[in-house]
Amino acid sequence: MYQYDEFDADFVQERAVQFGRQVEDRLAGKITEEQFRPLRLMNGLYLQLHAYMLRINVPYGCLNSTQMRKLAHIARVFDKGYGHLTTRQNMQFNWIKLSDMPAILLELASVEMHGIQSSGNCIRNITADEYAGSAADEIEDPRVYCEILRQWSSLHPEFSFLPRKFKIAVSGSDRDRAVIKAHDIGLRLHKNEAGEAGFEVFVGGGLGRTPFIGKSIRDFLPTQHVLSYCEAILRVYNQLGRRDNKYKARIKILVHEMGADVFGEKVEKEWAEIRETALELADSETARIRGFFAPPAHEKLDDDDSDLAGDPAFATWVEQQTAGHKKPGYTIVNVSCSPVGKPPGDISAAQMDGFADLADTYNFGEMRVTHNQNLVLTDVRKKDLLPLWQKLVTLGLATPNHGLISDTICCPGLDYCALANARSIPLAEKLSERFADQQKQKDIGEIYLNMSGCINACGHHHIGNIGIVGVDKKNSELYQLMLGGSAEEDASLGKILGRGFDEDGIVDAVECVINTYIELREAGEKFIETYRRVGPDPFKEKVYSAPA
Amino acid sequence: MPLLRDGKITEDPYTRVVGSDELPGEGPILVDLSRWQAERDALVAWGSEVGVQLAADESPAAIALDLEHIALVALEFPAFTDGRAYSYARLLRERHRFEGELRAVGDVLIEQLHFMDRVGFDSFDMKSAEAAEEWKTAQADMSVWYQPTGDERATATRLRRS
Ligand code: SF4
C-alpha cells in the first residue's frame, strides 16, 4: 500500500499541530464555537447528540496492521472501547472529548492517518473497490489513481469551499463494487480497443433527499488526464452549483437541472484549456505510485480446494465469505462486522487488535474496510483458511453472512445522530435476529438490505434491494419500505412500496416481502431479478393485505 | 477595513464607489461591475487606477477583455463558505493572465488566507488590524502543497522529482 514520504508526513503533522492549537484556543475560550465549527469540520470532528464524533480517513479502504492497532488504542484510551466502520470506508469514534483531540491527532499522524476532509464541503475520502489489486475480474488497479486523486484533493485551494460535499469513487473491474454511480464523480477503469487503460466518467450520482444515478459524460478518458478532467468538473461545479439551498447544492442537482449533455460540454470546454498543464500525469509519476501497490510476495501455489470441506460450519463460511483471486491458491476473505443482533459496522478494540494480528499472519499485514461496513483480507492462502476461520470465530468475526440479508448497511440513526427521525441500529439488530437462521438466509440468497434513520440516506437505502428509511410522522418513529434498488453495474433506485410501518410492523413487512419473493422466484433467480421481472404489485398486495 | 498586502497592513489607496454613488474628484476608484459596464469608456479615461469589484455570482468572464484597463479586481466572499471566488481568481490569473492586484473582500478569515494566497489573491480586506500578525503565524503552519496552481509554488510531486 501507499507509504508516506517526508512531504506527506510533514503535511499531516503540520495539520495536526495546527488543529491542536485551534482546539487549545477553543478550550481556553479564545474563540467561540461559531468560529471553531468550520475549523473542526475541516478536520473531521462533528458535534453529535451526546458527544464529539471523530471521523478518521481510511484512504480508499486500505489499512495496515500498525494503523489498526493504533485505532484500537484510540478506541480503548479515548473512546468507549469500540469504533464504527462507515460506508465511506472510514472509521468513526463516537465518544470523543475535545480536550483529547490534540493527543489523538498526533497519535494518528504517527501512523500516517488523519481526519482532514472527512467532513465539510470539500472532496471527501476517495473510495474504491475493496478487492482492488486482487480480484480475479480486475482490469486495472484503481488504488493507483485513488492515491493520485487523494494527494491532489488534499487541501485543494480552489475546492475546499464547494457548494456541498463531494465524493469520488473508482472501480477497476467489470463488477462494480464501489457503487460508482452513486457518487458525485464515478470513475470506471476499462480498456479501449487498442488495449490502453482509461476511465469512463460518471457525474451527478448521489443519494440523500433527491437520489440520482450518475450519468456518463465521457466513455474514455486516457488515464494521464484524470486530474485535469476532475479539476474541470469541479471548476464548473464550484462556479455554477447552487448555493441558495443546502438540499439542492450537490452536483447531482446541477447536472439534473442543466442536463448531463450541457454539463458535459462545459466540462469538455474547460478541460481543453487545462489538459496540457502540470496536471497531466507523467508516466514516471504514475509508475512511482503504482510501485506502492505492487502485489505482495505471493507464493507459487496449486489451486487446491481439498482442505476446504470438513467441518460444516467452516465449509459454510468458506462458501459464503471468499471470493475469486487473481493468483492460484489464494483467495479474498470477507469478514463480517454485522453479526446477528449487533450494530452493523461496530468493532471493538479487542477485535481490532486481534484482526491486526491475523492480517500480519495471513495477509501480508494489510486489510481493507468496505463500504458495506465490513473488513476484507485480500491475499489469503487457501490452505490458511481453516486456522484463520478458527481465530475469527474466537474474535466474533466469523459470521457467514456476506451478501445475505443480515449483512445490512445501516447508518448510526437516532442513537447518535441529531438529524435522525428513527433508530436504525436496533432495527438492524431485530431484522438480523428475525433472519438469523443460516439455512433460511442461504435459501433467500444474495440480497442487500440497507437502512437509514432519515432521508439523508447515509445508510444508502435507495440502492438496497430492500431499503428502509426512518420518517417522522407526528413525533413517532415510522419506517418506509423501498424495493428494487441496486448498487452495482446495473444501478437503480428503489421505489417506496406504500404507507410506512412501526418498528415491529417493518420487520413483519420485510419478512412478507421475502416470503413473496420465495413464492414467485424462478429457479436461480436473485431477489432483485424477481423484483425486476414481476414489479412491485405482487409485493404490495401481500404486504398490505397481511393481517395487522 | 484594514487592508493586508505583502504581509503588512497598509492604507487602501482606492475609494470604493458603491452602485451609482458619485465618483470622487480624483484618485484610484473601485467600482461595481454594472458601473464598469455602463460607463466603461469614461472609466477607461479616468486619470487614475480603476478597480472592479465582482459579486460572487459575477464571473470574471465579464471583464476578461477589459483587463488591460483594470488595475485591481476585487472578488467578494459573501460568506467564507462561498468558494466561487477561488475559481474566479485562478481563471483571472491563469486563463486571462491578469497581473494587477487581486483582492479578497467580504468574509475573509485568517484560515482562508492559505487558500486565497495559493489561487492568486495578493491583497485581503481583513476584519481586524491584528491580521498581519495572525497571518504570519498561520503561514508557518503549512509547508506542503500538492496542487499546481498559478502561484508557481513547487508541489510535492515536483519536489520529489528534484
Ligand atoms: S441517514 Fe439521517 S439519521 Fe442516518 S446518519 Fe444520516 S443524517 Fe443521521
Next on the checklist: Of everything in the stretch A:480-530, what is at pLDDT 95 or above and aromatic (Phe, Trp, Tyr)? Give them in sequence order.
Outcome noted: A:Tyr517, A:Phe527
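Applying the selection to the stretch B:129-141, what residues are under 19 Å from A:Val12 (Cβ atoms) and crowded, with 16+ Cβ neighbours inside 10 Å? Quick ask: steps written out before the conclusion?
As a first pass, look at the stretch B:129-141 and keep what is under 19 Å from A:Val12 (Cβ atoms): B:138-141.
Result: B:Ala138, single match.
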Item to check | All positions within the stretch A:334-364 that are aliphatic (A, V, I, L, M) and outside any helix (DSSP H, G or I) | outcome: A:Val335, A:Val340, A:Ile347
Checklist entry - With (1) touching a residue at least 60 places away in the same chain (Cβ under 8 Å); (2) within 16 Å of the ligand (Cβ to nearest atom); (3) more than 18 Å from the chain's Cα centre (by Cα) as the list, and A:Pro344 as the residue in question, which single condition is left unmet? => result (3)
Checklist entry - Of (1) assigned by TED's automatic domain parsing to the domain that holds A:Gln13; (2) open to solvent by 20 Å² or more (accessible area, probe 1.4 Å), A:Met91 satisfies all except one. Which? => result (2)
Item to check | the stretch A:162-196: number of residues that are surrounded by fewer than 17 Cβ atoms within 10 Å (Cβ to Cβ) and of a type in the set (A, V, I, L, M, F, W, C) | outcome: 1
Next on the checklist: Looking at A:Leu71, A:Leu105 in this structure, which one is under 21 Å from A:Arg26 (Cα atoms), crowded, with 23+ Cβ neighbours inside 10 Å and of a type in the set (A, V, I, L, M, F, W, C)?
Outcome noted: A:Leu105
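For the stretch A:1-82, please list each of the helices (runs of 4 or more DSSP H) lying entirely inside it that holds at least 2 residues being farther than 29 Å from A:Ala294 by Cβ and within 14 Å of chain B (Cβ to nearest Cβ). Outline the logic, then answer.
Numbers: elements: A:6-27, A:33-41, A:65-78.
Hits in the stretch A:1-82: A:6-27, A:33-41.
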Checklist entry - With respect to A:Thr361, is the statement that it is of a type in the set (S, T, N, Q), modelled with pLDDT of 90 or more and closer than 20 Å to A:Gly324 by Cα true? => result no
Next on the checklist: With the requirement that a residue be within 8 Å of the ligand (Cβ to nearest atom) and open to solvent by 20 Å² or more (accessible area, probe 1.4 Å), what does the stretch A:424-433 give you?
Outcome noted: none
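State whether one or more residues within the stretch A:448-455 are away from the ligand (no atom under 16 Å from the Cβ) and either without any contact (Cβ under 8 Å) to a residue 12 or more places away in the chain or closer than 28 Å to A:Gly205 by Cα (or both).
Just the residues of the stretch A:448-455 that are away from the ligand (no atom under 16 Å from the Cβ), to begin with: A:448.
Checking which are either without any contact (Cβ under 8 Å) to a residue 12 or more places away in the chain or closer than 28 Å to A:Gly205 by Cα (or both) leaves us with A:448.
Checked against the condition, which is being away from the ligand (no atom under 16 Å from the Cβ) and either without any contact (Cβ under 8 Å) to a residue 12 or more places away in the chain or closer than 28 Å to A:Gly205 by Cα (or both), the stretch A:448-455 yields at least one hit.
Of the residues that sit in the stretch A:388-423 and are within 16 Å of the ligand (Cβ to nearest atom) and polar (S, T, N, Q), which one is surrounded by the fewest Cβ atoms within 10 Å (Cβ to Cβ)? Reasoning before the result, please.
If we filter the stretch A:388-423 for residues that are within 16 Å of the ligand (Cβ to nearest atom), which is where we start, we get A:408-423.
Imposing the further condition that a residue be polar (S, T, N, Q) reduces the set to A:408, A:421.
Numbers: A:Thr408: 28, A:Asn421: 23.
Only one residue fits best here, namely A:Asn421.
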Checklist entry - Out of all the residues in the stretch A:142-157, which are over 16 Å from A:Ala278 (Cα atoms) and either more than 7 Å from every other protein chain (Cβ to nearest Cβ) or in contact with a Gly (Cβ under 8 Å, 6 or more places away or on another chain) (or both)? => result A:Pro142, A:Arg143, A:Val144, A:Tyr145, A:Cys146, A:Glu147, A:Arg150, A:Leu155
Next on the checklist: Quick check on A:Ser118: is it surrounded by 24 or more Cβ atoms within 10 Å (Cβ to Cβ) and touching a His at 6+ places or on another chain (Cβ under 6 Å)?
Outcome noted: no
Item to check | Those residues of the stretch A:267-326 which are touching a Gly at 6+ places or on another chain (Cβ under 7 Å), of a type outside the set (D, E, K, R) and open to solvent by 30 Å² or more (accessible area, probe 1.4 Å), in sequence order | outcome: A:Pro295, A:Leu301
Checklist entry - Across the stretch B:142-162, which residue is least open to solvent (accessible area, probe 1.4 Å) among those that are of a type in the set (S, T, N, Q) and more than 7 Å from chain A (Cβ to nearest Cβ)? => result B:Thr155
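Filter the stretch B:1-37 for residues that are of a type in the set (Gly, Ala, Ser) and at positive phi and give the result.
As a first pass, look at the stretch B:1-37 and keep what is of a type in the set (Gly, Ala, Ser): B:7, B:19-20, B:25, B:27, B:34.
Within the stretch B:1-37, B:Gly7, B:Gly19, B:Gly27 meet the criteria.
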Checklist entry - Wholly within the stretch B:1-107, which strands (runs of 3 or more DSSP E) include no fewer than the required count, namely at least 2 residues that are within 14 Å of chain A (Cβ to nearest Cβ) and modelled with pLDDT of 95 or more? => result B:72-77, B:101-106
Next on the checklist: I'd like to know if the stretch A:121-141 contains one or more residues that are open to solvent by 10 Å² or more (accessible area, probe 1.4 Å) and either within 14 Å of chain B (Cβ to nearest Cβ) or free of Cβ contacts under 8 Å to residues at least 12 places away in the same chain (or both).
Outcome noted: yes
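The values are calculated or read from the model by the stated rules, or taken from the named source; none is laboratory data. Only a predicted model underlies this, so the values are computations on that prediction, with no experimental measurement involved. Counting neighbours? That spans all protein chains shown, and the Cβs are built from the backbone with ideal geometry, glycine included. Surface accessibility is based on the protein's heavy atoms, side chains included, excluding ligands, DNA and RNA. Shrake-Rupley method; radii C 1.70, N 1.55, O 1.52, S 1.80 Å.
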